[in-house]
Structure formats: C-alpha cells, structure tokens
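Structure, as structure tokens:
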Amino acid sequence: QKAIKTCIITDKEYFNKTITRSFRSRTSSVIMVVLSACPRQSMYALAWIALVSTLYAGNKLYTDSKSVSSSLRNRRLSDERELIYLLGYPFTGAAAALRIMEQLTKRSMATNNGNTVATADGVEHQGIYENKAIDDFLFPNGPYLHNVEFEPASSTMIVESMCSGHCFDCREYDMFGILNQYQDWSRSCRTAHKYNPGLGQTFPMPPYSFGKQLSKAIVMVRNPAPTVVARFLDAMSQDDYYVNSGLVNRHGLMEWCKKIDAQAMEIQGFSRMLHETHVMPLRFKVPCISEFVRMTMWYNNLNKMLKGMDHHMVRFEDLTKELDVAAGRLVKFTEAEVVGEINESLFHRGGESYHYWDDEELRLIREVVRTVATDDTWYMLEFYFSLWATSATS
C-alpha cells in the first residue's frame with residue numbers, strides 16, 4: 001500500500017492509466033511500467049511488483065490465501081537458488097561441461113543460447129524447442145533451461161554464457177567495440193538469446209540481473225591455436241564452398257583466415273586496436289590475427305570479472321584426457337548431488353592438433369597474445385606456449 005501511495009503521489013494520472021493497462025499484459029511489462037512511474041521510489045516499486053506478481057498468475061487474481069502462501073514460498077525458494085557462471089569462449093568446452101553436470105545430476109542447467117537445448121540422453125538439438133526461462137518472475141528475459149526433459153536444478157544451477165566479442169556476421173560494435181568497454185561486455189554475459197520457432201531465429205533479450213544469487217564461476221580455457229581451428233571447422237561445415245572444394249585442411253584454414261582478417265581490417269575500430277596494442281606490423285604474418293586479438297581481449301575482460309569471485313578453471317585438455325577427474329572437480333566445486341553417470345560416447349576424447357600451423361606461425365601467435373594480454377590473462381594462457389614448441393615439431 002505504501003508503494004502504491006508513493007507512486008500515485010509521484011504521478012497519479014500516469015500511474016493509474018499505465019498500471020491498469022498493464023494488468024492485461026505480462027508481468028515483465030508491469031515491472032517496466034512501475035519502475036518508469038516510480039523512478040525515485042524503486043525499492044517500494046520492486047516490493048509492490050513482487051506482491052502483484054505473486055497475486056497474479058496468468059492475469060487472474062488469486063483470492064485463496066493458501067495459493068498466495070504457496071506462491072510466496074516458491075518465490076523464496078527460487079530466490080535462494082545459487083547460480084554459477086559457466087564462462088567460455090566458443091569451442092573451449094563449455095557445452096561439454098554443461099552436459100556433464102546435467103548427466104551427473106539429472107537436472108537441467110541453464111544457458112544464454114536459446115537456440116541450443118539438450119534432451120535426457122545428452123544430445124543437443126538446434127532450432128527445435130521453444131525456450132523456457134529458469135524463472136518467469138525473477139528471470140523473464142533468460143537465461144533458459146538447457147535440458148527440456150530434466151527438471152530444473154533446485155539448489156545450484158550452472159548458467160552457460162559465451163558473453164560477446166566473438167561473432168562473425170554481426171554489428172561492428174559486437175565484433176570489436178564491445179571488447180574495449182568492460183561494462184558493456186559484462187552485460188553481454190547476462191544477455192540471453194531467445195529462440196523463436198515460428199521465425200526460426202534467435203533474438204537478444206534485455207540483460208537480466210543475477211542480484212546476490214551469483215557467487216561463483218567456472219572458467220573454460222583452451223589453447224588459442226586449436227580454438228581458432230575449431231571455429232574454422234565449424235564455419236567450414238556450414239559453407240558448401242569449403243566442403244565441396246576439399247579445403248578441410250591447412251590450405252582451407254589459411255584461405256578462411258585471409259577472408260576474416262580482410263573483413264576485420266575494414267572496421268576502423270579493429271585497425272585502431274592493432275595500432276594501440278602494437279601488433280599492426282604482424283597483421284600479414286599471423287593468419288587469423290583478428291581472431292587471436294579478439295580472443296585475448298575476451299580473456300582480458302574475463303579476468304577483470306573474476307577478481308574477487310570464487311572460480312574454478314577447467315582446461316579443455318582435462319575433458320579430453322581425464323574426463324572423470326575433471327567431472328569430479330566440477331562436482332566438488334559446485335557441491336552438486338550426483339545421481340547419474342556420464343555418457344562418455346558423447347565426448348570427443350582426441351588430443352589437440354597442431355598441423356594446421358607451422359613453427360614460425362606458432363611463435364608469432366605467441367607474440368601477438370603476449371602483447372595484447374594482461375598479466376592475468378598471460379598467466380592463464382602461458383601454459384600452452386611451452387607445449388607448442390614440442391607439439392609443433394613432433
């Protein structure tokens with residue numbers, strides 16, 4: 001009542017019109033209206049929203065006190081659930097880690113990528129299922145449940161996010177500019193993409209807020225050179241030119257690198273970035289230099305986010321060489337209850353491949369990454385460069 005009274009005093013006519021009209025719309029609309037009507041009394045407004053959202057279900061008012069009590073109790077339980085970030089650049093193993101936790105717990109985790117969902121057997125499907133938010137009240141804009149056949153995780157839920165700064169066919173800002181703006185980048189980690197089955201497309205939603213529920217992070221790390229190769233192989237699989245031309249090899253990678261580097265150089269922000277990071281002289285010597293610069297800057301932002309946050313690092317090779325050990329460490333970190341087993345047939349167990357790069361390219365890639373990387377990022381990635389010297393010549 002105090003919230004309503006405050007809002008009416010703020011703008012009685014606007015409040016009455018907009019709130020009455022919003023009762024015919026979804027809860028998310030009510031939230032936006034109340035906050036816009038009561039910007040200086042947001043605490044009261046949020047309290048009022050919580051009450052209205054509890055009393056209204058499907059736009060029908062609850063008059064049964066037991067229903068109200070039950071709804072309030074469910075909201076409290078949802079609000080107490082611990083959320084854990086699962087952060088990884090594309091093809092660093094985040095999807096595998098997500099499925100491992102789902103198979104071990106027999107519970108659905110969450111993802112920002114609404115286009116990809118899994119079934120109980122651990123198999124992922126793209127562009128089939130409609131998204132369901134992990135909580136329609138607290139998180140109407142995502143993240144979304146990843147497994148459509150498991151019940152949602154009740155006490156601890158992992159939220160997979162690739163954040164931004166890795167796309168190809170997107171706005172210039174989303175490709176490079178966002179990597180120079182940490183606040184925007186961190187918001188992108190809280191931005192889900194909802195899949196619309198009718199249109200067959202995904203759409204970015206407004207960033208959601210974790211509040212106090214996010215306390216930990218799982219970080220996926222992979223050797224930068226094989227990561228770029230994995231991205232090339234994925235892009236190639238969707239391009240008939242590479243498939244029909246037999247370019248599933250180093251020659252195809254070099255051709256692909258020239259294309260994406262040329263596209264990047266047309267973006268003013270990227271060329272400026274090369275100058276600022278002092279790697280411009282290497283732009284014609286390092287294939288896919290745009291990928292290595294972007295990836296390193298992505299890790300730079302990641303390490304800013306991790307400061308002061310309890311986190312657990314999983315290296316990609318841990319999943320390929322010691323899957324059981326890596327899974328055990330994930331379970332220990334998340335304190336999840338294990339009730340199932342891992343279907344190992346779903347996980348590729350081969351080692352990394354270096355034959356796509358020659359020794360000089362690997363040396364120059366190291367130079368690019370070291371130049372762009374912060375000290376924290378270099379500490380995270382330096383491990384791989386000592387491996388390249390032996391692997392590339394073996």
Amide H contacts under 5 Å for K285, placed H, 5+ residues apart:
none
Given R₀ = 45 Å, what would the calculated FRET efficiency be for E172 paired with T119, taking r from the Cβ atoms and rounding to 0.05?
0.75
Can you pull the percent of region 205-290's accessible area that's carbon plus sulfur, 1.4 Å probe, other chains left in place?
53 percent
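Could you sort D135, D376 by their accessible area in this structure, using a 1.4 Å probe and putting the largest first? Write out the running numbers ahead of the final one.
Values: D135 15, D376 65 Å².
Of D135, D376, the descending order of accessible area is D376, D135.
Given a 1.4 Å probe and heavy atoms of the protein chains only, how would you sort V243, V219, largest accessible area at the top?
Working: V243 75, V219 0 Å².
Correct descending sequence by accessible area is V243, V219.
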How large is ³J(HN,Hα) for each residue in region 103-119, as worked out from phi by the Karplus curve 6.51 cos²θ - 1.76 cosθ + 1.60 (θ = phi - 60°), to whole Hz, x for Gly and Pro?
5, 6, 9, 6, 10, 7, 8, 10, 8, 8, 8, x, 6, 10, 10, 10, 10
Rounded, prolate or oblate (a/c below 1.5 giving rounded, otherwise prolate when a/b exceeds b/c) for region 284-347 by Cα gyration tensor:
oblate
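Local charge sum around M313 (other residues, Cβ-Cβ under 13 Å, Lys/Arg +1, Asp/Glu -1)? Intermediate results must be reported in sequence, preceding the final value.
Details: positive: K216, R222, R315, R329; negative: D310, E317, D318, D376.
Residues near M313 contribute 0 overall.
Holding the Cα-Cα limit at 18 Å, pick out from K216/K321; K216/K332; K132/K194; K216/K304 the pairs that are longer than that.
Working: K216/K321 25 Å; K216/K332 13 Å; K132/K194 9 Å; K216/K304 14 Å.
Beyond 18 Å: K216/K321.
Cβ under 14 Å from D261's Cβ, D261 left aside: what net charge do those residues give with Lys, Arg +1 and Asp, Glu -1?
With Lys, Arg at +1 and Asp, Glu at -1, the neighbours total +2.
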For region 146-188, which whole-number percentage of the solvent-accessible area (1.4 Å probe, protein heavy atoms only) is attributable to carbon and sulfur atoms?
44 percent
Mean accessible area per residue over region 212-331 (1.4 angstrom probe, all protein chains present, square angstrom) is 44 Å²
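Label region 124-204 by shape, choosing from rounded, prolate and oblate, from the square roots a ≥ b ≥ c of the eigenvalues of the Cα gyration tensor; if a/c is under 1.5 it is rounded, and otherwise prolate applies when a/b is larger than b/c, oblate when it is not. Show your work: numbers first, answer last.
On the way: a/c = 2.35, a/b = 1.47, b/c = 1.60.
Note, shape of region 124-204 comes out oblate.
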Long-range amide H contacts for I218: which residues qualify at under 5 Å (H placed 1.01 Å from N, peptide plane, sequence gap of 5 or more or a different chain)?
Y85, L86, L87, H312
For region 188-305, what does the alpha-carbon gyration tensor say about shape, rounded, prolate or oblate, given a ≥ b ≥ c as the root eigenvalues, a/c under 1.5 as rounded, and a/b over b/c as prolate?
oblate
Taking K and R as +1 and D and E as -1, what net charge do the other residues with C-beta under 9 Å from the C-beta of G177 add up to?
-2
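The values are calculated or read from the model by the stated rules, or taken from the named source; none is laboratory data. Since the model is a prediction, treat every value here as computed from it, not as a measurement. Ideal geometry is used to build each Cβ from the backbone, glycine not excepted, and the neighbour counts take in all protein chains shown. Accessible surface areas use protein heavy atoms only, side chains included; no ligands, DNA or RNA. Shrake-Rupley method; radii C 1.70, N 1.55, O 1.52, S 1.80 Å.
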